[in-house]
């Protein structure tokens, strides 16, 4: 937000709420419309688009970023728990990537800095339970594909050679181009004269008021980037399926959790802070593109938005930091109707062609 | 001065087991049955450890995507190696060298063709973790073992730890490998040395004479192991796949990059530098460890890159005086062998293998199961 917007913002939100007939709401609707597109270097983003779909970026050449971040699902994967690398099963839900450039924290436990997307990409590509690739090996693979090498040189210069760290920068540049599209909420927030269906209007008021959603779901993405404990039920697959418990416990081990073999549950941001108060806390998820990214929560335990709203209405589960809301069935339905307006139709994303390896001239 | 020191150190490092051959022995070349395997003080043998190692040797979970076990590239039915010239490597890759037999590997003081590992324990770890071999990540492989109740019990019994530890897995696999050795009673040449005159055919006996005489093989292939365990450059031709298979080219560049060669070498050459990766000495470029000749019948193809499919190919190569390349071993010179002599030599080489190959059936690998208390503790508290 620039200075001008910052000044007018409280007036604008007050105006919106006034239009909605809710002048009594003390809280402002602390949501912001999508800012202008990120400035990206087109050649770099184009290379990143190719690499995002490139299975050679995984250790065994079978999984690309797009394997768990499907364009058709707003870059989530539609599964409660993500599959992860071959031979593993992951213990969390794959989040969508729309407008990921605007997130302040990445990963459900918030362990990565949203301002440093290339590092996040590197983590996904090299992490044993995601793509399990060796950075140097994949750079040599890229070098062996003439079409990719040509794209590389357009992005990094005619004399350049594929180089692991730059590869992650290219994918990050592509990620910056993924935006959620113009939604009804954006138009309202910009002050456009929009005819809002009654339920949506009511949901918006509840979102900012009685539902208290906006306390954590605010800003451009509908997230404050902070971690909270909601007491979401454990996903039984983690205890029941050894492959998922393996990735969960290994995560504890590699993050330096003391006595990690005694853990059985997803510790959330505790693994980052090692502060017991952070056990079971997960970063507030963004709300943009929500209708495309179910199932919901860090472990995919809720299949529908209705379940999510009902869960929040009851004040969450054991240990929750939420309060019961006392919403009526109609109010819950209105909230869901409002949440749905945060998703624009997904534009189809073309997949790059699959290129073959070529031979390099032998030295002898 | 510095270079001399480095060379001296490398020689010391590599000559330990060669002393085996140098010991005074009435038999020419120091031949004889293999002695008992020497056991490292920090990894004593036990039946339970060997049995655990046997299970782990076949366990595909000791790789990145749970697709590749030790036995995937070191299969008993193909001489505990691979029938392919260049090893299949990890899925999505192709290795750049031949998967050599692990039979009698217990006798090598340094492992891998280029001597990169100083023992079977380190070799097992390197193979399981290397990006073009097992591509496994240590913490992941360790946690997989911990979710297998049978392994938890076996590691506890063998190593006394509450949970399996990955370095113990390499120890167990090494212990298992120390049991995979030739049995002198089943090896014609060993029986012949022991006095059974009928154990070698006339061809093989003539081949033996060539081996220790005209052909000069014994210069490097002496001692009970029939290897001096030293590193020699023979000028073995490149494998055709280094020019025809993109995956091999990728691996060759990656190996050079990974092992920290000069920028010029990385950008300008895909040569396999062999021992020089370890010693950093250009005079060691192209040198590979002399392989044992035992069990040769079952371990084709031959050489570090598997470029020769048959023993006759190998004999022809040595008869020519080897190939072209840097630092070529002075022992190599054209031999002038006739066709019969070559056949005799091959007959002798074949007598160095057991009458029947050493085979083991794959074991039933134990299953992963949910942690016993996982369900209970996973309930909301």
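Annotations
- Seen from all directions on average, chain A presents a Cα convex hull projection of 20.4 nm².
- Helix axis angle, B:246-258 relative to chain B longest principal axis, alpha carbon, degrees: 80 degrees
- Relative to one another, the C-alpha centroids of the range B:31-80 and the range B:112-133 are positioned 13 Å apart.
- Between helix B:2-15 and chain B: long-axis angle, C-alpha atoms, 0 to 90°, nearest 10: 80 degrees
- Were the residues from residue A:39 through residue A:158 laid out at 0.36 nm apart, the gain over their Cα-Cα distance would be 40.6 nm.
- On the beta carbon distance between residue B:313 and residue A:348, with R0 = 51 Å, the FRET formula returns roughly 0.35.
- In this calculation the C-beta distance from residue A:123 to residue A:259 is compared with R0 = 25 Å, giving a FRET efficiency of 0.50.
- Counting DSSP beta bridges with both ends in the protein assembly as shown, the antiparallel % (nearest 5): 75 percent
- Ordering B:39, A:142 from the fewest to the most neighbouring beta carbons within 10 Å gives B:39, A:142.
- Cα gyration tensor shape for the range A:149-268, rounded if a/c is under 1.5, else prolate or oblate: oblate
- Cα gyration tensor shape for the range B:58-143, rounded if a/c is under 1.5, else prolate or oblate: oblate
- Label-point separation in nm, residue A:115 to residue B:259, each point 7 Å along Cα→Cβ: 4.3 nm
- Residue B:339 versus residue B:157: modelled label distance in nm, points set 7 Å from Cα along the beta carbon direction: 5.9 nm
- Gained length - residue B:267 relative to residue B:150, 0.36 nm times residue gap less alpha-carbon distance: 37.3 nm
- For the range A:232-274: rounded, prolate or oblate by the Cα gyration tensor [a/c cutoff 1.5]: oblate
- Rounded to 0.05, the FRET efficiency of the residue A:340 and residue A:212 pair, given R0 = 25 Å and the Cβ-Cβ distance, is 0.85.
- The simple spin-label model puts a point 7 Å past each Cα toward its Cβ; for residue B:48 and residue B:280 those points are separated by 4.4 nm.
- Using 0.36 nm per residue and subtracting the Cα-Cα separation, the extra length available between residue B:243 and residue B:183 on full extension is 17.6 nm.
- Cα-only Debye scattering, the range B:250-381: base-10 log of I(q)/I(0) at q = 0.12, 0.14, 0.17, 0.21 Å⁻¹: -0.71, -0.84, -1.03, -1.24
- Normalised per residue, the volume of the convex hull around the Cα set of the range B:56-199 (Å³): 132 Å³
- Acute angle (nearest 10 degrees) that the helix A:329-340 long axis makes with the longest principal axis of chain A, alpha-carbon atoms: 40 degrees
- For the protein assembly as shown, the pair-distance distribution built from all alpha carbon pairs, in bins 20 Å wide starting at 0, is 15, 39, 28, 13, 4, 0 percent.
- Enclosing the Cα atoms of the range B:1-365 in their convex hull gives a volume equal to 143 cubic angstrom per residue.
Laboratory data are not the source of any read-out in this text; all were calculated from the coordinates shown. Not measured: the values here are computed from a predicted model. Glycine also receives a Cβ, built like all others from the backbone with ideal geometry; neighbour counts cover every protein chain displayed.
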